[in-house]
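Q: Please read through the structure below; I'll follow up with questions.
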Amino acid sequence: MTVRRLAYRNSILWTAALVHRLSGLALAIFLPLHFLALGLAIRGEVQLEGFLRWSDQPLVKLAEGGLVFLLVVHMLGGLRLLLIENLDWRDRQKELAAVVAGISAVVALILLVRMF
Amino acid sequence: MNVRLYVWQRATAALMLPLVLLHVAVIFYATRQGMTAADILARTRGSIVWAALYGTFVIAAAIHAAIGVRNVLFEWSPLGERRATMFAMAFGAALLLLGLRAVAAVVL
C-alpha cells in the first residue's frame, strides 16, 4: 500500500475506531468464559466459591483489572460514537471527543488501579 | 452493515450504557468487600430486580456482540458476508444461552 493510502491511519479518529474495535473483540472472546464461570453457581455455592478463591491469585486479579479497563474503554468509545452520530458537530470537535474519551480511559485506569 | 443492523447495534449500545456503569459499580463493591459466593448469592437469589437487569444486559450484549463480530469477520477475515453472518448468529445464540444460564444460576 502506498503512503498516501495509509495516511488516514495518522488520524486520531482512526486510532479511536481501532481501539473500540479491538476492545470489543477482546470482550466478545471473554464473555463466554465469564458466563461459564458464573454458571458454576448452578452446581452449587461450593463450586462458585472455589472459582472465586482461585481468582484471588495476583495474575488473575491483574487480568480482571485489564478486562474492566477494556469494558470501560469500549463503553467510552461507544458513548463517543453515539454522541458524534446524534449531535450536531463542528470541525475539530470530533477529534476533541476522541481525545476526551482517551483521557477518560486513562483516568478510569488510574481509578481501577487504586480500587483493586 | 445494513441499516437494520446499524440501528440494533446503536440501540443495544445505548441500552447497555447505564447497565455497564452499574456492572462496574457492582464489580468494585464486590471486590472491595471481598465477597464470598455465599454473600453474592444471598443478595441475588430470588431477586426479580437482578434477574431483570442482568437478563436485559445479557440479551443486549448478545445482540451487540454478534453484530460486532459479524462486522469484524466480514471486514477482516476471508469469510464472505453470508458465512460471517452465520458464524455471528451462532456466536450470538451461544452467548444468549450461556448468559441466561449464568443469570439463572445466580438468581434462581
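Q: Scan the stretch A:41-69 for residues that are outside any helix (DSSP H, G or I) and over 14 Å from B:Thr31 (Cα atoms) and report the count.
A: Looking only at that region, the number is 1.
Q: Given (1) touching a residue at least 12 places away in the same chain (Cβ under 8 Å); (2) of a type in the set (A, V, I, L, M, F, W, C); (3) more than 27 Å from B:Ala104 (Cβ to Cβ), identify the lone condition not met by A:Leu70.
A: Just one mismatch for A:Leu70, condition (3).
Q: Hey, another quick one. I'd like to know if the stretch A:7-26 contains one or more residues that are at the interface with chain B (Cβ under 8 Å from one of its Cβ atoms), among the aliphatic types (A, V, I, L, M) and surrounded by 13 or more Cβ atoms within 10 Å (Cβ to Cβ).
A: Yes, some residue in the stretch A:7-26 is at the interface with chain B (Cβ under 8 Å from one of its Cβ atoms), among the aliphatic types (A, V, I, L, M) and surrounded by 13 or more Cβ atoms within 10 Å (Cβ to Cβ).
Q: Output the residues belonging to the stretch B:1-34 that are small (Gly, Ala, Ser) and either surrounded by 14 or more Cβ atoms within 10 Å (Cβ to Cβ) or farther than 26 Å from A:Val60 by Cα (or both).
A: Answer for the stretch B:1-34, where residues must be small (Gly, Ala, Ser) and either surrounded by 14 or more Cβ atoms within 10 Å (Cβ to Cβ) or farther than 26 Å from A:Val60 by Cα (or both): B:Ala11, B:Ala13, B:Ala14, B:Ala30.
Q: Which of the following residues is among the acidic types (Asp, Glu), over 20 Å from B:Ala13 (Cα atoms) and free of Cβ contacts under 8 Å to residues at least 24 places away in the same chain: A:Glu64, A:Glu49?
A: That would be A:Glu49, the only listed residue that is among the acidic types (Asp, Glu), over 20 Å from B:Ala13 (Cα atoms) and free of Cβ contacts under 8 Å to residues at least 24 places away in the same chain.
Q: Tell me, which residue of the stretch A:33-48 that is of a type in the set (Gly, Ala, Ser) and facing chain B (nearest Cβ under 7 Å) is surrounded by the most Cβ atoms within 10 Å (Cβ to Cβ)?
A: A:Ala41
Q: Next question, about the same structure. Looking at A:Leu59, A:Leu96, A:Leu83, which is the one that is surrounded by 14 or more Cβ atoms within 10 Å (Cβ to Cβ) and free of Cβ contacts under 8 Å to residues at least 60 places away in the same chain?
A: A:Leu83
Q: Now a separate question. Which of (1) within 8 Å of chain A (Cβ to nearest Cβ); (2) closer than 19 Å to A:Ala37 by Cβ; (3) free of Cβ contacts under 8 Å to residues at least 24 places away in the same chain is the odd one out, the single condition B:Asp39 does not satisfy?
A: (1)
Any read-out appearing in this document is the output of simple, stated calculations on the displayed coordinates, not a laboratory observation. Values in this document were obtained by computation on a predicted structure and should not be read as measured data. Counting neighbours? That spans all protein chains shown, and the Cβs are built from the backbone with ideal geometry, glycine included.
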